[in-house]
Amino acid sequence: MIFFYKIVINILFIIVLPLLPFIYLFSEKRRATLALRLGFKTGLNPKQAGEIRIWVHALSVGEVKSAIPFVKALKDRHKDVGIIFTTSTKTGFDMADQLLLRENTALADQLGYFPFDLGYSVKKISGLIKPDAVVIIETDLWPNFLYEMKKKQIPVILINARLSKRSLNGYLVFKKFSLMFFSFLTQIMAQTSLDKERFQRLGIDEKKIFVAGNIKFDQPRQDLDKTRVDSIRDQLGFEKESKVFIAGSTHEGEETILCDVYKKLKKKFPGLIMILAPRDPKRSGVILSYLLSHDVHAVLLSEMGKSQECQKVILVDKMGELSRLYAICDVAFIGGSIVKQGGHNPLEPAVFSKPILFGADMSDFMLIAEMLMDNGGAKKVESEKELISELETILENRQVQKRMGSRSYEVFSNNSGAVQRIIENMELLHIV
């Protein structure tokens, strides 16, 4: 069956091959990753004699952020282990570069791109890395890659694994292939017991599945006390009494709704400031033009130093800023949930004890969203009208704000420990 897959994937590559020059020329993101993922000029250094290497892979931005506490704990506990970190997207690579390769505090030894699932690409990149083990964060599994690792007897661990009902049904349609595919994995470390049950329904041996929890609950807590928070607000020109609403990781189609929401809220809260952080910061220019054309006073975060005037809407056009900005808000809205994008991580504002709102689609973070709602730390809004109503309630009532914020933090703080369980289990398996 893997032989059949190899034939199909190679035929598809041959079909796409004539289009590669056009993709390279006209897609900035593909231009940045194409040659590297094919295995040309990878920038990776060959393995040295006696070196122990763990290859950690995260698909894109969300998985990279989730990986940070795991990589840090692994490096702290096994200082002699070299960590080679890869991503599949340019935005994921940029985020990993920013978070993992900080000067004097580097958590990874090398950073690269994950290969396309072609024989040459997989063999070239894996041959350079020569890992002693591979750890994949949550998703991005490819048959040819897993087969090559199995053939070389390199253990592959899937951590923070989840399996939605929809994905399960899709795998069940091709159950024999799915079972073979997942059988290449050494172990699956699932987020919940429900995920474990779903993996078992595919026929995977129960002994291969370990419920470790969700590593998103182990994300680092930034040391931002009241003095530091006040300092950030001062730098942005906020008045002491300014109310701040932040919408994080928004997608196309959401900013227009949020613009209308802001204009209506401003009638009741004249000094209200909205911080908009699009999932793709490169969209900031387009969003800025839209806001200005709809009589909303807005500015890019990168331009803030050029004006002493307090802006009404701030557009975050730089990667890595959102997490700390949650610390200065009064209420947070999670993007990707009004449009059907599955939502984003609601724990980022929960770390700072913030009340949380999100739209109807939080399917990528369903369990966390339900936990937050059940504990009273978050609310789901089904319409623009509901969003305005909930924002008004929170912004005008300090007690509601404090209560919801306290309960969102409880969910975060009471569910940590997955990273430690994962590393301890890896040690039991003699992977590290």
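Just to be sure I understand the filter: pairs with C-beta atoms under 6 Å, separated by 6 or more residues or on different chains, first member in region 41-60 and within 15 Å of LEU100 (Cβ to Cβ) and without any contact (Cβ under 8 Å) to a residue 12 or more places away in the chain, second member of a type in the set (Phe, Trp, Tyr) and not in a strand (DSSP E or B). Which pairs pass? If the second residue must be of a type in the set (Phe, Trp, Tyr) and not in a strand (DSSP E or B), no pairs are left. When the residues of region 98-120 are filtered to those that are modelled with pLDDT of 95 or more and outside any loop (DSSP other than H, G, I, E, B), the one that is surrounded by the fewest Cβ atoms within 10 Å (Cβ to Cβ) is LEU111.
Here is the figure for region 173-191: residues that are closer than 23 Å to VAL134 by Cβ and out of contact with any Pro (no Cβ under 7 Å at 6 or more places or on another chain) total 13.
Restricting region 248-263 to residues that are over 17 Å from LEU301 (Cβ atoms) and not hydrophobic (A, V, I, L, M, F, W, C) leaves a set whose member that is surrounded by the fewest Cβ atoms within 10 Å (Cβ to Cβ) is GLY253. Counting only helices (runs of 4 or more DSSP H) that fall entirely inside region 174-248 and contain at least 3 residues that are more than 27 Å from ALA67 (Cβ to Cβ) and polar (S, T, N, Q), the qualifying elements are 226-235. Considering VAL286, VAL296, the condition of being farther than 30 Å from ILE137 by Cβ, not aromatic (Phe, Trp, Tyr) and not in a helix (DSSP H, G or I) is satisfied by VAL296 alone.
Residue-by-condition table, conditions (1) in a strand (DSSP E or B); (2) touching an Asp or Glu at 6+ places or on another chain (Cβ under 9 Å); (3) closer than 24 Å to PRO281 by Cα; (4) free of Cβ contacts under 8 Å to residues at least 12 places away in the same chain:
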position: VAL71; (1), (2), (3), (4): no, no, no, no
position: ILE84; (1), (2), (3), (4): yes, yes, no, no
position: THR91; (1), (2), (3), (4): no, yes, yes, no
position: ALA96; (1), (2), (3), (4): no, no, yes, no
position: LYS123; (1), (2), (3), (4): no, yes, no, no
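No other residue among SER337, SER323, SER302 is modelled with pLDDT under 95, farther than 22 Å from GLU28 by Cβ and among the hydroxyl-bearing types (Ser, Thr, Tyr) apart from SER323.
Please verify whether SER178 is surrounded by fewer than 22 Cβ atoms within 10 Å (Cβ to Cβ), not assigned by TED's automatic domain parsing to the domain that holds LEU322 and not charged (D, E, K, R), treating the condition exactly as stated. So SER178 passes the test. Filtered by the rule that a residue be out of contact with any Phe, Trp or Tyr (no Cβ under 9 Å at 6 or more places or on another chain) and within 25 Å of TRP55 (Cα to Cα), region 150-179 gives LYS151, LYS152, GLN153, PRO155, ILE157, ARG162. Only one of the listed residues (PHE245, PHE210, PHE217) is modelled with pLDDT under 95, within 25 Å of the chain's Cα centre (by Cα), among the hydrophobic types (A, V, I, L, M, F, W, C) and surrounded by 18 or more Cβ atoms within 10 Å (Cβ to Cβ). That residue is PHE217.
The values are calculated or read from the model by the stated rules, or taken from the named source; none is laboratory data. Everything numeric in this text was worked out from a predicted model, so none of it was measured. As a convention, Cβ positions derive from the backbone with ideal geometry for all residues, glycine included, and neighbour counts pool all protein chains shown.
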